[in-house]
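I have placed the structure first, in the form of structure tokens, so that the comments after it can refer back to it.
The values are calculated or read from the model by the stated rules, or taken from the named source; none is laboratory data. Treat the numbers as computed from the prediction; the structure is a model and nothing was measured. Virtual Cβ from ideal backbone geometry, glycine too; neighbours counted across all protein chains shown.
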Amino acid sequence: MASQGHPLLIRMVPAVDPFVGKPAPSVCLPDADGKEVCLESFRGKWVVLYFYPRDNTPGCTLEAIQFSAALEKFAELGAQVIGVSTDSPESHVKFTEKHNLTVLLLSDTSHRVIEAYGSWRPKTFFGKEILGTSRDTFLIDPEGKIAEVWRKVSVKGHAEAVKEALLARKGGKE
């Protein structure tokens, strides 16, 4: 009989997200001004693509503020940061103005792109199960492949963690 090791050790090994190493699904969505932005236009650069549930909610606001504050550093590392939610472009305008955000926000009102990334999932809301956007982040390499995935993100310190992962992927070179 083959030994399977200690069961607690098996559970502690983090599972690799099935998207890692695969080409990033295509993204062409409107920005806050209604101009279509496509992921392919950033080929040759790293892309931080993050999905968030809703404009002007506490966690989503903090996440957008943290990514906006780190934009210059991401740019120095050759990366574009893009946030996506099901909110309308008009909602994104109000959200960016209210919080002085500089991060690029795209609108996926049909949630087709969010679904393509496996981030449209059942959630519990006031005791009921509903479908909604999961707070997930994807690091996409310059060739368009998904390098890292963060699922069900805890907002505090997340932008910094993504920046550190990008720096590590670039071999510590800024």
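Worth pointing out:
- Residue match in segment 81-88 (condition: surrounded by 18 or more Cβ atoms within 10 Å (Cβ to Cβ), over 23 Å from residue 165 (Cα atoms) and free of Cβ contacts under 8 Å to residues at least 40 places away in the same chain): yes
- Subset of segment 117-149 [in contact with a helix residue (DSSP H, G or I) (Cβ under 7 Å, 6 or more places away or on another chain) and farther than 18 Å from residue 65 by Cα]: 120, 133, 139, 147, 148
- Filter result for residue 101 (in contact (Cβ under 8 Å) with a residue 40 or more places away in the chain and surrounded by 14 or more Cβ atoms within 10 Å (Cβ to Cβ)): no
- Residues satisfying the stated conditions in segment 104-116, i.e. free of Cβ contacts under 8 Å to residues at least 40 places away in the same chain and either within 15 Å of residue 45 (Cβ to Cβ) or in contact with a strand residue (DSSP E or B) (Cβ under 7 Å, 6 or more places away or on another chain) (or both): 111
- Hits in segment 151-172 (condition: outside any helix (DSSP H, G or I) and either over 13 Å from the mean Cα position of the chain (by Cα) or modelled with pLDDT of 95 or more (or both)): 156, 157, 170, 171, 172
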